[in-house]
Amino acid sequence: MTPEQFKAAKAMLGLSNPDLSEVTDLHRNTLNKLDRGDGKASTVQLVRLTLEGRGIQFLDDGAVARGPGVALISDK
């Protein structure tokens, strides 16, 4: 999960870091690190699974969504 994917997922769900902090029991500062692309792999995995549990689908380059959505074309 890239920082851009993390921020987009939160925006799509209308969640702030304080909101996500309550759901994951992680400190807001820990989530702020994810906004910058820092953080432990285990933290990234926990947050990713939490967001996926709320309906987010993370796409790797070239992946196709299972439903309607948006994606950023990185070469534009």
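Nothing in this text is a laboratory measurement; each read-out follows from the coordinates by a stated rule. What you see is a predicted model, and the numbers here were worked out from it, not measured in a lab.
Per-residue ellipticity at 222 nm, computed for the chain from helices alone with -39500 (n - 2.57) per DSSP H run of at least four residues, works out to -15500 deg cm²/dmol. Applying the Karplus relation 6.51 cos²θ - 1.76 cosθ + 1.60 with θ = phi - 60° to region 8-25 yields 3J(HN,Hα) values of 5, 4, 4, 5, 5, 8, x, 9, 9, 4, x, 4, 5, 4, 5, 6, 9, 6 Hz, where x marks Gly and Pro. Listed values for region 60-67 are Karplus-derived 3J(HN,Hα) couplings in whole Hz (6.51 cos²θ - 1.76 cosθ + 1.60, θ = phi - 60°), namely 7, 3, x, 6, 10, 6, 7, x, and x replaces Gly and Pro.
So for the chain, considering every pair of alpha-carbon atoms, how many percent are separated by more than 15 Å?
54
Partner aspartates and glutamates whose Cα lies under 17 Å from the Cα of LYS33, excluding those fewer than 8 positions away in the same chain, are identified as GLU4, ASP19, GLU22, ASP25.
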